[in-house]
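Heads up, the thing below is written out as structure tokens.
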Amino acid sequence: MAGNADEQLARGFPATRHSALAAIRAGDAEERRRALSALATAYWRPVYGYLRLHWRKPHDEAADLTQDFFAHALEKDLLARFDPARARLRTFLRACVDRVAAEDGRAARRLKRGGGAAPVGFDFQDARAAIESAAGAAEAPDVLFEREWARGMFAAGLERLRELCAREGKSQHFGLLEQYDLGTGTDRPSYADLAQKLGIATTDVTNRLAWARRKLREVLLDLLRECTGSESELRDEARALLGLDGP
């Protein structure tokens, strides 16, 4: 089973490993900026959600701490201490967030006086509604962070897929994925309904959905590759996020 998953990962990526961690540890400023952006894109939602739900921070404080964490804490010295042989990256980051949150905002106030900006923009209002709807759940910290990590990875992956589809003139493919796979409630349209609505054949709906699903998986695996510390961690995270235990 594990061998099949490894084969899927090998087919999904070029041989060269594009790790954000390696780029952050490198000396080139532009490479470091792009790498920090990749990590922030993948992890800002779980960090924000963890601060809200586990540390019970109000929205404004959690948003400030999240911005400060990615603007200042994810610097070379911090990630230089990360050892992929001892822990997964998200376990290490959660421990770092715990230290920041335990200071009860004092670090955030010091950092604000020093300036600095997060490497990417965060849509806190969009995340706030989802987080507050789960506010009553009683979960262990590691379970909570893992759930928000998965949610954040899918959100980042969907945004990348949306941009990819727009560039390739396949926005309809993404629209079908939104309507059929991502819709809420019990009134999901059938393939025939979607075909009639869009004026295309049912087989077109089938093929375009298959393409969008395949591309989404590729995008998610690409994100995981950027934000893991080793090939074994990549395989573990792919199994956790996508269930890649078989062909």
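Under 19 Å from a point placed 7 Å out from the Cα of L182 along the Cα-to-Cβ direction: which residues of the range 142-172 have their backbone N that close?
148-172
Taking only protein heavy atoms into account and a 1.4 Å probe, give the accessible area per residue of the range 206-247 in Å².
Roughly 41 Å² per residue, with all protein chains present.
Residue separation times 0.36 nm, minus the C-alpha to C-alpha distance between A192 and D123: what's the value?
Working: separation 69, 0.36 × 69 = 24.84 nm, distance 3.51 nm.
Roughly 21.3 nm would be gained on extension.
If I take R0 = 41 Å and measure r between the Cβ atoms of A22 and V143 in this structure, what FRET efficiency does the formula 1/(1 + (r/R0)^6) give, to the nearest 0.05?
For A22 and V143, the calculated efficiency is 0.90.
Over the range 159-247, what is the relative contact order in whole percent, taking alpha-carbon pairs under 8 Å and six or more residues apart? Please report the intermediate quantities before stating the final value.
Details: 46 pairs, mean separation 20.4, N = 89.
That works out to 23 percent.
The values are calculated or read from the model by the stated rules, or taken from the named source; none is laboratory data. This is a predicted model, so every value here is computed, not measured. All Cβ positions, glycine included, derive from the backbone under ideal geometry; neighbour counts span all protein chains shown. Only protein heavy atoms, including side chains, enter the accessible area calculation; ligands, DNA and RNA are left aside. Shrake-Rupley method; radii C 1.70, N 1.55, O 1.52, S 1.80 Å.
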